[in-house]
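The values are calculated or read from the model by the stated rules, or taken from the named source; none is laboratory data. Just so it is clear, the model here is predicted, and its values are computed rather than measured. With ideal geometry, Cβ positions are generated from the backbone for all residues, glycine too; neighbour counts draw on all protein chains shown. With ligands, DNA and RNA removed, areas are computed over all heavy atoms of the protein, side chains included. Shrake-Rupley method; radii C 1.70, N 1.55, O 1.52, S 1.80 Å.
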Amino acid sequence: MQFRALYLFCLVTAVTTLVACGGGESNVAQGNREGIFHYGNGSEPQGLDPHVVTGVPENHIIRALFEGLAVKNPYTLEPEPGVAKSWDISEDGRIVTFHINPDAKWSNGEPMTAHDYVWSWQRLLSPALGGEYSYMLYPVQNAQAFNKGEITDFSEVGAKALDDLTLQVTLDERTPYFIQLMDHYSTFAVHRPTLEKFGKATDRYTPWTRVENMVSNGAFNLKSWQLNRRIELEKSDTYWDRDKVRLNGIVYYPTENVVSEERMFRVGQLHYTASVPLGKIPVYQEMEDSPYVQAPYLGTYYYLLNTEVPPTDNLKVRQALSLAVDRDSLSKNVLKGTVIGAYSITPPDTLGYFPPKLFDYDPERARQLLAEAGYPNGEGWPGLELTYNTSEDHRKIAVALQQMWKDVLNIEVALINQEWKVYLDSITQMNFQIARRGWIGDYVDPNNFLDLFLTGGGNNNTGFADPRYDELVLRKAPQATTKAERFAVFEEAETLLMEQMPIIPVFTYTSKHLVQPSVRGLPSNLMDSINMKYVWLEQDQPAAEASD
Amino acid sequence: MFRFISMRLLQAIPVILVVITATFFLVRAAPGGPFDSEKPVTREVKAALEAQYKLDLPMFQQYTAYLGDLARGDLGPSFKYPGRSVNELIAAGFPVTAELGFYALLVALSIGGLAGIIAALRPNTAQDYIPMSAAMIGICMPSFLLGPLLVLVFGIYLDWLPVSGWGDIPGDKILPSITLGAGYAAYIARLGRAGMLEVLSQDYIRTARAKGLPEWQVVVKHSLRGGLIPVVAFLGPAFAGLLSGSFVVETIFQIPGLGRFYVQAAFNRDYTMILGTTVFLSVLIVLFNLLSDVLAAWMNPRLRAQFGDN
């Protein structure tokens, strides 16, 4: 009897607690009213020091906190004024003069100067800092030499403050994408007195980026930072273009688990998700007024072929493997139409550049090539190992390709998955036959993809070496004076690369997000680049309907 | 008792030293280092990075330097999060994990204890089979299945509880605590049932019933203390397990606890972070095992006699 009473008591307590917790206004509804953007950011940022960290979640927060000399317009990706109100480029393209906006201020009210940039770039390029993105400034004269410690006098590097508001940059040669680099966080200025208060310029781990210490120069200021929980930004009242900023604040959540993130979106805890779980995509694609947004992304998914070990040292084997991959079927059946088949390394429409398509899915020709290589119908095939880093999606793709090679060429390919760091080690040591690889562009230019395969390049990892290719990418392209001429050079390089087939391009990535209907001013673009200055929230929009 | 405790603490020192040494060399033996990334850095940059974190020193020197810092309570800077020390990261994550573990333990004890007692009162009847089958399911059901199921039902269909977070929205602590506690509740139910069954068959219980005591007095006053000894012995390891094993639940519910840092540190080869959390957790595990031994001794007069204090 007593136990039944106890049962009942527990049940009643549980139910009342549950009911009491229900209801209440969702983040999204409250955010729409107050102009606070709730943003799923993928993971906890390593930190917020623009010269030290690397990574996509870091990029999102840093680009809201700081602003570069020039920024990308989110609609066109063309550069537009940031800290610099204008810039001049000399006839030969080698001297870029930035005119700093006299209204540009640090969040503590101090004016921004050209000296801030000279000091900040010296910091990024100092060998002792170990800045992983220091190569972003390599187009600047002597920057590379300074970064490698070959010269120690920074005045030899081509960045000079002519006066407080004029920054003159001398480049090694014409670099059409240089202005774009000014929107990469590694080239941003940091506030010298703040950094020096907490340590040397080259210290990686001082507390200058903490809430109470941080001085930044962007449209938003750091308001709070709770580790692994949330980072809050609030609108800056010292930002030069503050009248244009419509959001009052942003809250970034470290949404590491994509499935949990999707659930948070469904109950109105997020305006925007960093990603969408693959399994949920077909459901969202079929919805009316779907919050699902997909757009081509500046990244290529490919397989590296080791050209120094058999059987992939044989060009015909490499070609046969590539021609036997049915990219359309992979995209449609395995990846639910979320990718675009790729036939070269540079993604299509990279600032108007379309790579040549030199081959297609061709099982007949693939079989013939394999026969010419000495393995007719797979006879005598020595076996092949495909290495990928542990992940369900990579596994699915590898299994699909394994099956295609079996069906078309009648050859066996073994799959090996490796934990991330082990995999990276295998790649750098070229300890593989075929290996998965992906490359996401740092800036919109074919150069960013084609320079991967320079002889001995850190990301080449295939053993591909072609002096003519190096010549085209390193010499001919920078010398080209018109866009058409330059793109023609890239096309030739790309053709050379695909003739040698040191890689199997598989697909071009897409960016995938869930976005609440109230979110405005957030266009899709190739860089998946958001400029928070442009974003606003429509007040009377309901949260997206949940679906399963 | 004092002698017993200090002996156990002294024994713990070599154990923890072995843990430190093994972890220190194992993490460095794993392929790939903290500064390997998808975009490989130049040799110069890598050397500068390693110099900043003293990785350029000979291995043994790194080891002694680490022990020296550790003796001062300094676990070093995190490699993955520049600007954060391991002490700080543990200080940020541990209270959350401990709170989660504590609630989970409460859930486990109340559900599991109750189920175990109820089952033991009428062995081999429906009152026994139903809670015990539920316990079996609880043991078999992993938290990465139970968590999303609970979220789907209570968070999304019924919309009663938040789907994620910790201390942000009222009620967001309920589902993670239940998810983490459920598996342990099942163990406690089985342990409690076994312990209670043994006690309930003792002569002194028959005596208590014979002299006409109401059933609840027999259970609460005379059987519980003896019957729950196995449960108490399990509590120390259970709490240690809850603290070090909450990674999955923390990930499902986006909880800013230590478990996430710990597992990610291993993937990131964040040497100082792996070491720091391992040392921290191993100290805790040793302490909790000790605590549960002391509690068990207090509850069991036969064991207590061995210490010779009273």
(message) Every residue in region A:252-275 that is surrounded by fewer than 22 Cβ atoms within 10 Å (Cβ to Cβ) and among the hydrophobic types (A, V, I, L, M, F, W, C), please.
(response) A:Val258, A:Val259, A:Val267
(message) Tell me whether region A:126-141 contains one or more residues that are buried (at least 21 other Cβ atoms within 10 Å of the Cβ) and over 27 Å from A:Leu298 (Cα atoms).
(response) yes
(message) Is it the case, given these coordinates, that B:Gly83 is touching a Gly at 6+ places or on another chain (Cβ under 6 Å), farther than 30 Å from A:Leu125 by Cβ and at the interface with chain A (Cβ under 10 Å from one of its Cβ atoms)?
(response) no
(message) What's the total number of residues in region A:269-320 that are hydrophobic (A, V, I, L, M, F, W, C) and touching a Ser or Thr at 6+ places or on another chain (Cβ under 8 Å)?
(response) 11
(message) Name the residue that is least open to solvent (accessible area, probe 1.4 Å), counting only residues in region A:45-60 that are over 16 Å from A:Arg230 (Cβ atoms) and more than 11 Å from chain B (Cβ to nearest Cβ).
(response) A:Pro50
(request) Restricting attention to helices (runs of 4 or more DSSP H) lying wholly within region B:220-310, give those where 1 or more residues are in contact (Cβ under 8 Å) with a residue 12 or more places away in the chain and buried (at least 19 other Cβ atoms within 10 Å of the Cβ). (result) B:224-227, B:229-244, B:247-252, B:258-268, B:271-299
(request) Within region A:349-366, track down each residue that is open to solvent by 60 Å² or more (accessible area, probe 1.4 Å) and of a type outside the set (D, E, K, R). (result) A:Phe354, A:Leu358, A:Tyr361
(request) Taking B:Gly195 as meeting all but one of (1) touching a helix residue (DSSP H, G or I) at 6+ places or on another chain (Cβ under 8 Å); (2) at pLDDT below 85; (3) open to solvent by less than 50 Å² (accessible area, probe 1.4 Å), write down the number of the exception. (result) (2)
(request) Would you please name the residue that is surrounded by the most Cβ atoms within 10 Å (Cβ to Cβ), looking only at residues in region A:195-207 that are within 13 Å of another protein chain (Cβ to nearest Cβ) and in a helix (DSSP H, G or I)? (result) A:Leu195
(request) Of the numbered conditions (1) surrounded by fewer than 17 Cβ atoms within 10 Å (Cβ to Cβ); (2) in contact with a helix residue (DSSP H, G or I) (Cβ under 8 Å, 6 or more places away or on another chain); (3) in a loop (DSSP other than H, G, I, E, B), A:Ala189 fails exactly one; give the number of that condition. (result) (1)
(request) Check A:Lys85 against each of (1) among the basic types (Lys, Arg); (2) modelled with pLDDT of 80 or more; (3) surrounded by fewer than 14 Cβ atoms within 10 Å (Cβ to Cβ) and name the one condition it does not meet. (result) (3)
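From the list A:Trp240, A:Trp225, which one is in contact with a Leu (Cβ under 9 Å, 6 or more places away or on another chain) and more than 10 Å from chain B (Cβ to nearest Cβ)? So that I can check it myself, show each step before the final result.
Working: A:Trp240 fails: in contact with a Leu (Cβ under 9 Å, 6 or more places away or on another chain).
So the residue among A:Trp240, A:Trp225 that is in contact with a Leu (Cβ under 9 Å, 6 or more places away or on another chain) and more than 10 Å from chain B (Cβ to nearest Cβ) is A:Trp225.
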(request) Scan A:Leu386, A:Leu401, A:Leu369, A:Leu454 and give me the residue that is closer than 22 Å to A:Ala342 by Cα and either open to solvent by 10 Å² or more (accessible area, probe 1.4 Å) or in contact with an Asp or Glu (Cβ under 8 Å, 6 or more places away or on another chain) (or both). (result) A:Leu454
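Select from region B:94-116 the residues that are at the interface with chain A (Cβ under 10 Å from one of its Cβ atoms), in contact with a helix residue (DSSP H, G or I) (Cβ under 6 Å, 6 or more places away or on another chain) and surrounded by fewer than 23 Cβ atoms within 10 Å (Cβ to Cβ) and list them in ascending order. First the steps, then the outcome.
Of the residues in region B:94-116, the ones at the interface with chain A (Cβ under 10 Å from one of its Cβ atoms) are B:96, B:110-111, B:114.
Subset that is in contact with a helix residue (DSSP H, G or I) (Cβ under 6 Å, 6 or more places away or on another chain): B:111.
Result: no residue meets the conditions.
Counting just the residues of region A:404-418 that are surrounded by 15 or more Cβ atoms within 10 Å (Cβ to Cβ) and of a type outside the set (A, V, I, L, M, F, W, C), which one comes out nearest to the other protein chains (Cβ to nearest Cβ)?
Just the residues of region A:404-418 that are surrounded by 15 or more Cβ atoms within 10 Å (Cβ to Cβ), to begin with: A:404-405, A:408-411, A:413, A:415-418.
With of a type outside the set (A, V, I, L, M, F, W, C) added as a condition, the list becomes A:410, A:417-418.
Details: A:Asn410: 34, A:Asn417: 14, A:Gln418: 9 Å.
Per the criteria, the residue is A:Gln418.
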(request) Give the number of residues within region B:125-173 that are more than 7 Å from chain A (Cβ to nearest Cβ), farther than 22 Å from A:Val258 by Cβ and either open to solvent by 50 Å² or more (accessible area, probe 1.4 Å) or over 20 Å from the mean Cα position of the chain (by Cα) (or both). (result) 18
(request) Would you be able to say whether some residue in region A:279-297 is within 20 Å of the chain's Cα centre (by Cα) and buried (at least 21 other Cβ atoms within 10 Å of the Cβ)? (result) yes
